[in-house]
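Asks: Below you'll find the structure I mean.
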Amino acid sequence: MTKTIYIILGLLILASISFLSCEEFLEVDAPENKIVSEAVFNSDETAASAMSGIYNELFRAAFSGGWENSVTVLSGLSSDNLKTIRENDLNLREYSENNIQPNNSRNLALWSSAYSIIYMTNSILEGLEASDNLSEGIKTSLEGEAKFVRAFTYFYLVNLYGEIPLILSTDYRENSLATRNSEEDIYQQIITDLNTSRDLLDDNYRHGDRTGVNRSCALALLARVHLYKENWEEADLASSEVISNTQQYEIISDPNQVFLANSKEAIWQITPEGRGGPLGFTNEGSIFLFLSIAPGITKVALTEELVNSFVERDQRLHDWIGFNEDTQNYFVNKYKDRRSINEILEFSMVLRLAEQYLIRSEARVMKNNFAGALADLDVLRVRAGLPILSANNEELSKEELLDTILEERRKELFTEWGHRWLDLKRTNKADYFLPPSSEDWENTDIYYPIPAQELMKNPNLTQNPGY
């Protein structure tokens, strides 16, 4: 990361801190902020550096960085895929027991880091709109990228918390008293941003690698959003467009190669360069892989129920799951590296092609295209070394096929961005799958609590039911 990126990122972080702490709002000097904004968007180079700063901040941000307070870890614990193996970490246990308290510090980190990213994207968008000094090409690209990141962040906030404030500006006075918007309003903004992003971006990655976003990123997330909204035709069309881009994307035949930096299965990844310094491994590699000299420091492991759901011949069982003899726990082995220094072998995977096949398969079932749905499932089953299902399409009912897809999603996407947790909620299966492993389960647990600290700062916020 260049010195310029550090400077711009620092300015954005300081701005977001001001947004998140209403006690500091009155101390903001508007004229100085205006000067800063004008300086950032005075040239293509500095404007691009500001967007690069957001990409790097995604690695450090709690919700997106893949570390202990990330969507990947916390939502993995909320589902039936991960368990905590550090009994003294009460905040993690609240997630695994689905008994999260509003004052849970990890919950606050999740919420506040997501809104910090949103505030940064709003800063970028306002700066782009006000600037007359940027080339049309960079202005178009940066708007598309910023709106994608904003939509991506709102997707997780609305799915984790339900009704939330929709913040679309950097007006701290207005934002500090924002009320909660309906889920429908949030989704509409997500779709609007993604449609704009799709139209503004092209197929090229501006950075040259897959840690920036391109048009396919917008299409891939649109496909997921339309799936969640049960817009089956739109989900089918968006995922099909990504799948058809065979020059850029393909299903990697060797599961061990999927999570490498710039893997052809990757649609969007986050680089460990955002950490700064010489360490080159991902946070996922750090938190999931047991350190041989100190295995006791690892806090989470895979549930035996997940591991036992794989048949012996499934290659994902052997390549993506390991066993630690010292602690007698199964661990995630999708990322292999937690040691690299001055070398980056893996990027954190955010969007990948396998999910698009699963999205299209489910959308096709709902459109009564069973043959097409099975063909999509078989693409991933062949990679896993499993028998194809398409020969037995007449034996599966619609409900059975949907259950099969849900199970395939679990095995393919475990410990990737909370897919299992969100899948159980959107398919109304949480009440069925989670009570056996969570004695305190209540149906209101499908949403996390609004952090108590945010309720104290903003009198217009209300708490989710059950908390």
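Asks: For the range 359-467, list the helices (runs of 4 or more DSSP H) that sit wholly inside it and hold at least 2 residues that are over 30 Å from GLU284 (Cα atoms); which are they? Walk me through how you get there before you give the answer.
Replies: Numbers: elements: 370-383, 398-413, 419-426, 430-433, 452-457.
Hits in the range 359-467: 370-383, 398-413, 452-457.
Asks: While we're looking at this one, here's another question. Taking only the range 64-85 into account, find how many residues are among the small types (Gly, Ala, Ser), over 22 Å from ALA151 (Cα atoms) and outside any helix (DSSP H, G or I).
Replies: Here the count works out to 1.
Asks: Residues to consider are LEU279, LEU260, LEU291, LEU227; find the one that is in contact (Cβ under 8 Å) with a residue 12 or more places away in the chain and touching a Phe, Trp or Tyr at 6+ places or on another chain (Cβ under 9 Å).
Replies: Residue meeting the stated conditions: LEU260.
Yes/no per residue for (1) within 18 Å of SER169 (Cβ to Cβ); (2) of a type in the set (S, T, N, Q); (3) in contact with a helix residue (DSSP H, G or I) (Cβ under 6 Å, 6 or more places away or on another chain):
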position	(1), (2), (3)
LYS83	no, no, yes
ASN88	no, yes, no
PRO102	no, no, yes
ASN107	no, yes, no
TYR119	yes, no, yes
ILE124	yes, no, yes
ASP132	no, no, no
SER135	no, yes, yes
LYS139	no, no, yes
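Asks: Is it true that PRO451 is more than 30 Å from ARG352 (Cα to Cα), in contact (Cβ under 8 Å) with a residue 40 or more places away in the chain and crowded, with 19+ Cβ neighbours inside 10 Å?
Replies: Working: more than 30 Å from ARG352 (Cα to Cα): yes; in contact (Cβ under 8 Å) with a residue 40 or more places away in the chain: yes; crowded, with 19+ Cβ neighbours inside 10 Å: yes.
The answer is yes for PRO451.
Asks: Select from the range 232-284 the residues that are farther than 20 Å from ALA384 by Cβ, of a type in the set (D, E, K, R) and within 19 Å of the chain's Cα centre (by Cα) and list them in ascending order.
Replies: GLU273, ARG275, GLU284
Asks: Under 24 Å from the mean Cα position of the chain (by Cα), over 25 Å from VAL213 (Cβ atoms) and not polar (S, T, N, Q): which single residue out of ILE388, ILE405 fits that description? Steps first, please.
Replies: Details: ILE388 fails: under 24 Å from the mean Cα position of the chain (by Cα).
ILE405 is the lone residue from the list that is under 24 Å from the mean Cα position of the chain (by Cα), over 25 Å from VAL213 (Cβ atoms) and not polar (S, T, N, Q).
Asks: Quick one: SER112 ticks every box in (1) in contact with an Asp or Glu (Cβ under 8 Å, 6 or more places away or on another chain); (2) surrounded by fewer than 20 Cβ atoms within 10 Å (Cβ to Cβ); (3) in contact (Cβ under 8 Å) with a residue 24 or more places away in the chain bar one, so which box is it?
Replies: Of the numbered conditions (1) in contact with an Asp or Glu (Cβ under 8 Å, 6 or more places away or on another chain); (2) surrounded by fewer than 20 Cβ atoms within 10 Å (Cβ to Cβ); (3) in contact (Cβ under 8 Å) with a residue 24 or more places away in the chain, the odd one out for SER112 is (2).
The rows are residues; the columns are (1) free of Cβ contacts under 8 Å to residues at least 24 places away in the same chain; (2) within 18 Å of LEU380 (Cβ to Cβ); (3) not in a strand (DSSP E or B); (4) not polar (S, T, N, Q).
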site: VAL311; (1), (2), (3), (4): no, yes, yes, yes
site: ARG316; (1), (2), (3), (4): no, yes, yes, yes
site: THR327; (1), (2), (3), (4): no, no, yes, no
site: PHE331; (1), (2), (3), (4): no, no, no, yes
site: LYS334; (1), (2), (3), (4): no, yes, yes, yes
site: ASP337; (1), (2), (3), (4): no, no, yes, yes
site: ALA354; (1), (2), (3), (4): no, yes, yes, yes
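Asks: Sticking with this structure for a sec: Is one or more of the residues making up the range 201-217 among the aliphatic types (A, V, I, L, M), modelled with pLDDT of 95 or more and not in a loop (DSSP other than H, G, I, E, B)? Step through it out loud before you land on a result.
Replies: Filtering the range 201-217 down to residues among the aliphatic types (A, V, I, L, M) leaves 201, 213.
Of the ones still in play, those that are also modelled with pLDDT of 95 or more are 201, 213.
Next, from what is left, pick out any that are not in a loop (DSSP other than H, G, I, E, B): none.
Looking through the range 201-217, none of the residues is among the aliphatic types (A, V, I, L, M), modelled with pLDDT of 95 or more and not in a loop (DSSP other than H, G, I, E, B).
Asks: Looking at this structure, is LEU386 surrounded by fewer than 22 Cβ atoms within 10 Å (Cβ to Cβ), of a type in the set (A, V, I, L, M, F, W, C), modelled with pLDDT of 95 or more and out of contact with any Gly (no Cβ under 8 Å at 6 or more places or on another chain)?
Replies: In short, yes.
Asks: Can you pull out the residues in the range 292-309 that are among the aliphatic types (A, V, I, L, M) and either surrounded by 13 or more Cβ atoms within 10 Å (Cβ to Cβ) or assigned to a helix (DSSP H, G or I) (or both)?
Replies: Across the range 292-309, the qualifying residues are ILE297, VAL300, ALA301, LEU302, LEU306, VAL307.
Asks: Restricting to the range 248-275, what's the tally of residues that are surrounded by fewer than 24 Cβ atoms within 10 Å (Cβ to Cβ) and part of a helix (DSSP H, G or I)?
Replies: Here the count works out to 5.
Asks: Tell me, yes or no, whether the range 232-247 has at least one residue that is of a type in the set (Ser, Thr, Tyr), touching a strand residue (DSSP E or B) at 6+ places or on another chain (Cβ under 8 Å), under 30 Å from ASN368 (Cα atoms) and in a helix (DSSP H, G or I).
Replies: Looking for residues that are of a type in the set (Ser, Thr, Tyr), touching a strand residue (DSSP E or B) at 6+ places or on another chain (Cβ under 8 Å), under 30 Å from ASN368 (Cα atoms) and in a helix (DSSP H, G or I), one finds none in the range 232-247, hence no.
Asks: I would also like to ask the following. Which of the numbered conditions does GLU68 fail, given that it passes all the others? Conditions: (1) surrounded by 22 or more Cβ atoms within 10 Å (Cβ to Cβ); (2) closer than 22 Å to TYR335 by Cβ.
Replies: So GLU68 meets the others, but not (1).
Asks: Follow-up question, since we're still on this one. Can you confirm whether GLU87 is surrounded by fewer than 21 Cβ atoms within 10 Å (Cβ to Cβ), free of Cβ contacts under 8 Å to residues at least 12 places away in the same chain and among the acidic types (Asp, Glu)?
Replies: So GLU87 passes the test.
Asks: Check whether at least one residue in the range 201-210 is within 30 Å of ILE446 (Cβ to Cβ) and among the aromatic types (Phe, Trp, Tyr), and report yes or no.
Replies: no
Asks: Would you confirm whether any residue within the range 360-372 is in contact (Cβ under 8 Å) with a residue 24 or more places away in the chain and closer than 23 Å to LEU434 by Cβ?
Replies: yes
Asks: When the residues of the range 108-139 are filtered to those that are assigned to a helix (DSSP H, G or I) and farther than 30 Å from GLY66 by Cβ, which remaining residue is nearest to the chain's Cα centre (by Cα)?
Replies: Among residues in the range 108-139 that are assigned to a helix (DSSP H, G or I) and farther than 30 Å from GLY66 by Cβ, the one nearest to the chain's Cα centre (by Cα) is LYS139.
Asks: Would a scan of the range 324-340 turn up a residue that is touching a Pro at 6+ places or on another chain (Cβ under 9 Å), among the charged types (D, E, K, R) and under 30 Å from VAL149 (Cα atoms)?
Replies: yes
Asks: A further question follows. Just checking, how many residues over the range 178-190 are in a helix (DSSP H, G or I) and either in contact (Cβ under 8 Å) with a residue 40 or more places away in the chain or acidic (Asp, Glu) (or both)?
Replies: Narrowing the range 178-190 to residues in a helix (DSSP H, G or I): 183-190.
Those still in the list that are either in contact (Cβ under 8 Å) with a residue 40 or more places away in the chain or acidic (Asp, Glu) (or both) too: 183-185, 187.
Looking only at that region, the number is 4.
The values are calculated or read from the model by the stated rules, or taken from the named source; none is laboratory data. This is a predicted model, so every value here is computed, not measured. No Cβ is skipped: glycine too gets one built from the backbone with ideal geometry, and neighbour counts run over all protein chains shown.
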